[in-house]
Amino acid sequence: MNPIQVAMYARVSSDQQTEAHTVASQVAALRERVVADGLTLPAAMQFIDEGYSGATLVRPALERLRDVIAARAVDRLYVHSPDRLARKYAYQVLLVDEFRRAGVEVMFLNRALGQSPEDDLLLQVQGMIAEYERAKIIERHRRGKRHAAQAGTVNVLSGAPYGYHYVAKYPGGGQARYDLVPEEARLVRQVFDWVGRDRLTIGEVCRRLTRAGEVTRTGKTVWDRSVVWGMLKNPAYMGTAAFGKTRQEPLRPRLRAQRGRGLQPRRAVSTVDVPQEDWFSIPVPAIVEPEVFAAVQEQLQDNRRHARQSQRGALYLLQGLVQCQQCGYAYYGKRISPSARKGKPRAYAYYRCLGTDAYRFGGERICPNTQVRTDLLDLAVWREVCTFLAHPERLAEEYRRRLQPETGTKRTPLATVEEQMAKLRQGVARLIDSYADGLIDKPEFEPRITRVRQRIARLEEQRQQLTDEAALHAELQLIIGRLEDFASKVHTGLEAADWTSQRDLIRALVKRVEVAQNDVNIVFRIDPYPGDADPEKKSLQLRRGSS
């Protein structure tokens, strides 16, 4: 064994992907330098970290190198350049000082460094420049992608989701785009239809896809829940792909390593979600309607709230629907303890607010609301549902009350508003012409044009409100007709409905039950297309009070 052992270390930085092809040349250069020194290079003494960022000290190969040096098994260390050792100057100083204290001679191949102050100064300058270059690359990359996202460029997206095919810039004639894959798009519409219209869970969707033999993008016939969940949450399917949904922060401490991965990731960062209002929307071809996408998001929230009952089955008729009106926490079913019922059988339990459990909030309850007997609340809600089905015209009365609040003011017709807007736009044109011809001065022109434009903006808001009300009036007639058909089908079996049928019917019509101090408010969920194969769906609400 040669008395002078050699360690070789090279790295490919994840933020310099363009340099990835130079790893082979770096290794060859190191070998030539070692051979020129007349030394041998055992394969076990190569330390290469591929894909790990130099911004962190926790890298597998670097850790092994430091352990070997601490064991006094290395006399000389060859490194391609200081920025290959670490991307931060402080880390470079730390490592070089550690190696030298262990008696290791550090050799940088891009320039030989001695022991003079000038050589140390050069090492410091190189380390600071490497750190500056890394920060500059990251910032330019971030700003460039952000600017491209604001311009609606598809290039910044990480890849095409299921249902789309990504066409790069040059094959696409100078502009990248998403193209629909017909077979995958058909499957995406089917999944959204199952969840939005049939109100299926993600697990049931996966089972249906697996039984049908549908193939994932990777060629698998077994569908995972996370794949379907990611599909249902992706806004690209309604025509607006989102950029900037996540951001990277310094690595947060972890309780344990991810399954099948090491404790230290390749990049020392943690990915966190960004609020939806900070996303950048990029137009892409739509597969589903925005109304269908919104209905699916609402159903996913309901599925998450009802998921707890799958652990031990449905025990209560309104399980997952009852909510406290004061604190917003959910009500849960709680059986009567043997000591409370004093040995007597009780056929009922209590719906209890989570906010009244002191042990959940540090020993002090945060909600003063009272608990409700399950049998009484179940009966009250079931009667309201039966009454609602027996008199569907009450829905029309409720919507008319909402659309025409008792303000005592007479609404302006839509035609009148549009006529006023047309006259104001003509006035704006005349003002601009007068200013261009020099008939009025700038001090007189600016306030007048500002006032006119403000009036136009107010009229546009009024016109939009009147247009929405007219659309709701037209849709109301359709909803009433659909509800009457549905009520006529189920009315004959309401009296003989068993517990399971009652629960299914309540969950189909009731969105939530809000418990207040002295009354209970029932929020109904009405689908204007019950039993219709058309995936377009809208969710409407009717709120009623019951003491």
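The values are calculated or read from the model by the stated rules, or taken from the named source; none is laboratory data. Because the structure is a prediction, the values reported are computed rather than measured. So basically every Cβ, Gly included, is an ideal-geometry build from the backbone, and we count neighbours across all protein chains shown. Note: accessible area is taken over every heavy atom of the protein model, side chains too, but ligands, DNA and RNA are not part of it. Shrake-Rupley method; radii C 1.70, N 1.55, O 1.52, S 1.80 Å.
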If the Cβ limit is 7 Å and pairs must be 6+ apart or interchain, which residue in the stretch 137-153 that is more than 8 Å from residue 282 (Cα to Cα) pairs with which residue that is among the hydrophobic types (A, V, I, L, M, F, W, C) and part of a helix (DSSP H, G or I)? 145/156; 148/156
Among the candidates 498, 527, which residue alone is closer than 19 Å to residue 382 by Cβ, at pLDDT below 85 and out of contact with any Phe, Trp or Tyr (no Cβ under 6 Å at 6 or more places or on another chain)? 498
Cβ pairs under 9 Å, 6+ apart or interchain, first in the stretch 78-91 and under 10 Å from residue 130 (Cα atoms) and among the aromatic types (Phe, Trp, Tyr), second modelled with pLDDT under 75 and open to solvent by 30 Å² or more (accessible area, probe 1.4 Å), ordered by first then second residue, are 89/124; 89/126; 89/131
Checked 503, 507, 451, 458 against criteria (within 30 Å of residue 303 (Cα to Cα), part of a helix (DSSP H, G or I) and at pLDDT 85 or above); the one match is 503
The stretch 330-349, subset in contact (Cβ under 8 Å) with a residue 12 or more places away in the chain and open to solvent by less than 60 Å² (accessible area, probe 1.4 Å), residue farthest from residue 510 (Cα to Cα): 336
Could you list all residues from the stretch 155-214 that are touching a residue at least 40 places away in the same chain (Cβ under 8 Å) and in a helix (DSSP H, G or I)? 156, 185, 188, 189, 191, 192, 193, 195, 196, 202
Does residue 272 satisfy the criteria of being modelled with pLDDT of 75 or more and assigned to a loop (DSSP other than H, G, I, E, B)? no
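Taking the stretch 54-71 on its own, how many of its residues are in a helix (DSSP H, G or I), closer than 23 Å to residue 134 by Cα and open to solvent by 10 Å² or more (accessible area, probe 1.4 Å)?
Count: 2.
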So which of 229, 279 is open to solvent by 50 Å² or more (accessible area, probe 1.4 Å), aromatic (Phe, Trp, Tyr) and either at pLDDT below 90 or closer than 20 Å to residue 151 by Cα (or both)? 279
Being open to solvent by less than 30 Å² (accessible area, probe 1.4 Å) and assigned to a loop (DSSP other than H, G, I, E, B) narrows 367, 327 down to just 367
Is the stretch 370-378 home to any residue that is part of a strand (DSSP E or B), at pLDDT 90 or above and open to solvent by less than 60 Å² (accessible area, probe 1.4 Å)? yes
Within the stretch 136-152, work out how many residues are in a loop (DSSP other than H, G, I, E, B) and open to solvent by 30 Å² or more (accessible area, probe 1.4 Å). 1
Within the stretch 170-181, is there a residue that is within 26 Å of residue 299 (Cβ to Cβ) and open to solvent by 50 Å² or more (accessible area, probe 1.4 Å)? yes
Residue list for the stretch 331-355, restricted to those being modelled with pLDDT of 85 or more and either within 16 Å of residue 365 (Cα to Cα) or not in a loop (DSSP other than H, G, I, E, B) (or both): 331, 332, 333, 334, 350, 351, 352, 353, 354, 355
Going through the stretch 72-102 one residue at a time, which ones are at pLDDT below 80, among the aliphatic types (A, V, I, L, M) and outside any helix (DSSP H, G or I)? 73, 86
Close pairs (8 angstrom Cβ cut-off, 6 or more residues apart or separate chains): free of Cβ contacts under 8 Å to residues at least 60 places away in the same chain in the stretch 434-455, surrounded by fewer than 13 Cβ atoms within 10 Å (Cβ to Cβ) and among the charged types (D, E, K, R) anywhere: 435/442
Before we move on, is residue 286 assigned to a loop (DSSP other than H, G, I, E, B) and modelled with pLDDT of 90 or more? yes
Cβ-Cβ below 8 Å, separation at least six or inter-chain, first residue in the stretch 360-375 and touching a residue at least 40 places away in the same chain (Cβ under 8 Å), second open to solvent by 60 Å² or more (accessible area, probe 1.4 Å) and part of a loop (DSSP other than H, G, I, E, B): which pairs? 367/326; 367/329; 368/326; 369/325; 369/326; 369/517; 370/517
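Identify, please: which residue in the stretch 416-429 is free of Cβ contacts under 8 Å to residues at least 40 places away in the same chain and open to solvent by 70 Å² or more (accessible area, probe 1.4 Å) and is, among those, farthest from residue 448 (Cα to Cα)?
419
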